[in-house]
Amino acid sequence: MNNFNFYLPTNVYFGKGQIKHLPEVLKDCGNKVLLVYGGGSIKRSGLYDEIMSLCKTNDIEVFELSGVDPNPRIESVRNGSKICKENDIDVVLAAGGGSSIDCAKMIAAAAKSDLDAWELVIDPSKIKEPLPIVSILTLAATGSEMDPFAVISDMKTNMKVGVGCDLLKPKASIMDPSYTFSVPKKQTAAGTADIMSHIFESYFSNVKEGFMQSRIAEALLKTCIKYGPIAYNDPENYEARANLMWASSWAINGLLKAGNEVEWCVHPMEHELSAYYDITHGVGLAILTPRWMEYVLNEDTLDRFVEYGMNVWGISPHKEKEEIAKEAIENTYKFFESLDIPMTLKEVGIDETHLEEMTSKIDKIETAYKPLYKEDMLKIYKMSL
Ligand code: NZQ
Ligand code: ZN
């Protein structure tokens with residue numbers, strides 16, 4: 001197992017009614033809060049009123065940045081940081097899915113910097129002492145509630161960039177699974193695919209000594225496979241929503257990656273699709289993943305696919321190794337299809353027009369087994385059309 005540093009500062013309040021801790025968490029940082037949220041789902045669900053009333057009774061002053069887009073834009077970050085600077089904000093509170101939380105993270109960073117926010121996105125080493133970040137999660141998917149990442153887009157230049165910086169890990173996250181009852185079916189499916197992709201990105205590593213990480217990864221994958229369809233068909237099933245929510249955090253909070261030599265590869269390819277076509281992140285991942293698996297299946301990766309097939313899908317160990325691996329990939333495809341995710345790029349409005357341009361933006365990806373070059377990425381995109 002490789003050496004690693006594992007740092008997890010997020011204070012998690014998980015379960016029904018845990019929002020009662022919000023005032024103490026916020027007051028720990030100060031009295032002025034910037035609330036960051038999206039297109040209004042928190043207003044429809046009643047969460048907005050709950051936050052406002054808790055803040056009012058505890059003398060916490062709330063400023064607002066609303067309208068954060070799915071695939072959050074740099075313009076929202078700039079607007080939010082301006083509000084923070086003009087009003088001496090003490091803490092940035094995100095209420096929503098990954099987009100609102102990611103936007104809040106970069107607002108917190110830009111609020112304490114003289115640089116333009118985009119400079120911090122492309123060079124996170126310039127992020128110094130951001131404002132504290134608190135999240136109230138309403139969609140199980142990205143893991144942003146407990147991770148160091150923020151993904152921000154500049155649609156004018158077709159750039160979607162992932163920032164990684166330990167200083168961006170939320171100080172606290174309130175995770176009440178009942179807030180996810182109202183998540184639409186499409187987002188429930190996409191969120192499940194996203195969680196699974198985060199796990200795959202770490203699981204397909206060639207560091208064999210990461211036994212513990214691998215077995216936890218398999219348990220998390222089984223959690224998604226069991227509970228994704230239940231949440232999809234029965235949105236108010238608390239057990240399913242709770243398991244998906246907790247899996248979303250552990251898929252990407254560093255546990256699976258620690259000690260493993262991994263470079264993510266499906267995510268960078270998906271980010272290009274979103275940057276050009278503004279598609280839902282999890283849908284792009286679900287389309288690319290089985291094709292990527294098919295493409296990288298070879299004698300070096302075979303054993304890992306066999307473990308995946310047997311331990312996650314319960315495929316009989318008495319079959320030939322190649323048969324197990326192929327069946328596992330087919331099961332992955334069929335699983336996403338069973339959640340009604342469109343499984344070709346054409347179905348989400350993507351044709352060959354920009355594919356070469358997209359691959360030209362990524363030089364090569366050093367995966368755990370062998371590098372993926374532009375030609376490889378183009379082939380995977382074309383297999384997905
Ligand atoms: O904007 P609102 O009105 O809140 O509606 C959202 C949005 O339309 C809606 N929604 C969220 N919670 C809801 C709800 N609707 C009803 N009830 C609820 N409880 O769902 C839609 C999608 O929300 P969004 O936040 O965009 O989804 P997600 O959490 O999947 O975040 C996607 C973004 O995160 C990035 C993606 O690239 C994408 O930009 N990622 C962030 C990562 C990270 N920070 O670690 C890693 C990921 O790999 C990913 O790249
Ligand atoms: Zn993701």
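Each value in this text was obtained by applying a stated rule to the coordinates, not by laboratory testing. These numbers were taken from a predicted model, which means no experiment stands behind them.
Points to keep in mind about this one:
- Anisotropy class of the stretch 311-385 from Cα gyration tensor, a/c 1.5 cut: oblate
- Subset of Lys43/Lys160; Lys16/Lys226; Lys319/Lys364; Lys222/Lys319; Lys126/Lys208 violating a 32 Å alpha-carbon distance limit: Lys319/Lys364; Lys126/Lys208
- Cα-based helix-to-principal-axis angle, 185-203 vs the chain, degrees rounded to 10: 70 degrees
- All lysines inside 16 Å of Lys156 as judged from Cα atoms, apart from same-chain residues fewer than 8 positions distant: Lys361
- For Ile315, the amide hydrogen comes within under 5 Å of the amide hydrogens of Met310, counting only partners 5 or more places away or on other chains and with H modelled in the peptide plane.
- In the elastic network of the chain, a GNM with C-alpha springs shorter than 10 Å, the most mobile of Glu337, Glu270, Glu145 is Glu337.
- Rounded to 5, percent antiparallel among DSSP beta bridges of the chain: 25 percent
- Nearest-ten-degree value, helix 47-57 long axis tilted from longest Cα axis of the chain: 30 degrees
- For Val91, distant residues with modelled amide H under 5 Å away: Lys32, Leu34
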